[in-house]
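Colleague: First the structure, which I've put down as structure tokens, then a few questions once you've had a look.
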Amino acid sequence: MTPEALAALHARCFTVPRPFNAAEFRGFLVSAHTVLVSRPSGFALGRVFTDEAELLTLAVAPEARRNGHGRALVAELEAEAMAKGAHRVFLEVAEANVAARRLYAAAGYRESGIRKGYYRHAGRPAEDAVVMDKLLKRT
């Protein structure tokens, strides 16, 4: 997917937190640390540093949700991260995003902390992020 296509899909999926724009995706994609897995229904973007990976964003088109696409994208990203040497992956998710938290829990992530006021919104109170992580198993 091009940075423009990633940004367009991200904008369809998110208003809070603010979606990434094409320039931001372009910046991620030039890094050797970036992992991107995509399919027509969505994408997962992360990065790997030494033995740890971070899932930066998961976007699934609204009409494709609740069909296993998100979980499949997360699993693909984890496999790519392991291939780059990651043993653990973590993410932040808005505390109010119950659907995403359930998806990550079903994929084996555990809630490991809170980042107070992590998501800042113009004209609205800041929102806490739940930190989740998962140890990646070698097969």
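Colleague: Can you sort Leu9, Leu55, Leu136 from fewest to most other Cβ atoms within 10 Å of each residue's own Cβ? Mind showing how you got there, number by number?
Modeller: Numbers: Leu9 20, Leu55 25, Leu136 16.
By the 10 Å Cβ count, ascending, the order reads Leu136, Leu9, Leu55.
Colleague: Which whole-number percent of Cα pairs in the range 1-78 have a distance greater than 22 Å?
Modeller: The answer is 17 percent, as a whole percent.
Colleague: For a footprinting-style exposure proxy, rank His10, His33 by other Cβ within 10 Å, fewest first. List each step's numbers first, then the result.
Modeller: Values: His10 21, His33 13.
In increasing order of surrounding Cβ atoms, one gets His33, His10.
Colleague: Suppose only helical runs count, i.e. DSSP H with n ≥ 4. What mean residue ellipticity at 222 nm does that imply for the chain under -39500 (n - 2.57) per run, divided by all residues and rounded to the nearest 500 deg cm²/dmol?
Modeller: -9500 deg cm²/dmol
Colleague: Dipole of the range 3-135, Cα-centred, from +1 at each Lys and Arg C-beta and -1 at each Asp and Glu C-beta, to the nearest 20 debye?
Modeller: 300
Colleague: Please give the net charge around Ala94, taking every other residue with its beta carbon less than 10 angstrom from that of Ala94, where Lys and Arg add +1 and Asp and Glu add -1.
Modeller: Once all neighbours under 10 Å are counted, the net charge is -3.
Colleague: Can you give me the orientation-averaged projected area of the convex hull built on the Cα atoms of the chain, in nm²?
Modeller: Numbers: hull surface 33.3 nm².
With the hull built on Cα positions only, its mean projection is 8.3 nm².
Throughout, read-outs are computed from the coordinates displayed, never taken from laboratory work. It should be emphasised that the depicted structure is a prediction, and the values quoted were computed from it without experimental measurement. Cβ atoms come from the backbone with ideal geometry, glycine included; neighbour counts cover every protein chain shown.
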